[in-house]
Amino acid sequence: MSSENHEVEVQVKSLKTGETVRFRVSESATLQSVWDTALIKLNETRNAGDTFRCSDGQDLTAYLHQALAQMHKEKVCVDRHFEIKGPSGGAVA
């Protein structure tokens, strides 16, 4: 039996607004598609400098093309709790 269509729950918190959404996606979904779906559910747009990371602060930019199942296998962000972080920086002059 294939696990291609096995669904898992993910949680994504926007550090820009403080809002959190939870939803189910296929294990075969890429991290990029999780980010895209979260933006829609949060009613946000992706801005330059935004990053997608694990709730422990690990930057996931290098994993955006990977499927959730593969990330779990590699023990990357296994709880599937993610964060959208806006650009960091100081005050604008």
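Key figures
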read-out: Those residues of the range 32-85 which are of a type in the set (Gly, Ala, Ser) and either in contact with a Leu (Cβ under 6 Å, 6 or more places away or on another chain) or more than 17 Å from GLN11 (Cα to Cα) (or both), in sequence order; value: ALA48, GLY49, ALA62
read-out: The range 84-93, subset part of a loop (DSSP other than H, G, I, E, B) and not aliphatic (A, V, I, L, M), residue modelled with the highest pLDDT; value: GLY86
read-out: Which numbered condition LEU42 misses (of (1) touching a Ser or Thr at 6+ places or on another chain (Cβ under 8 Å); (2) farther than 20 Å from PRO87 by Cβ; (3) buried (at least 17 other Cβ atoms within 10 Å of the Cβ)); value: (2)
read-out: Single match in THR45, THR37, THR61, THR51 (criterion: touching an Asp or Glu at 6+ places or on another chain (Cβ under 9 Å) and among the hydroxyl-bearing types (Ser, Thr, Tyr)); value: THR51
read-out: Residue in the range 43-60 that is closer than 18 Å to SER26 by Cβ, touching a helix residue (DSSP H, G or I) at 6+ places or on another chain (Cβ under 9 Å) and not hydrophobic (A, V, I, L, M, F, W, C) present; value: no
read-out: Residue tally, condition assigned to a strand (DSSP E or B), touching a Phe, Trp or Tyr at 6+ places or on another chain (Cβ under 9 Å) and surrounded by 16 or more Cβ atoms within 10 Å (Cβ to Cβ), over the range 51-83; value: 5
read-out: Close pairs (9 angstrom Cβ cut-off, 6 or more residues apart or separate chains): under 20 Å from GLY86 (Cα atoms) in the range 10-29, among the hydroxyl-bearing types (Ser, Thr, Tyr) and surrounded by 17 or more Cβ atoms within 10 Å (Cβ to Cβ) anywhere; value: THR20/SER14; VAL21/SER14
read-out: Residue satisfying all of: in the range 8-31; β-branched (Val, Ile, Thr) and under 12 Å from the mean Cα position of the chain (by Cα); surrounded by the fewest Cβ atoms within 10 Å (Cβ to Cβ) among these; value: THR20
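The values are calculated or read from the model by the stated rules, or taken from the named source; none is laboratory data. It should be emphasised that the depicted structure is a prediction, and the values quoted were computed from it without experimental measurement. Because the Cβ atoms are built from the backbone with ideal geometry, glycine has one as well, and the counts that use them run over all protein chains shown.
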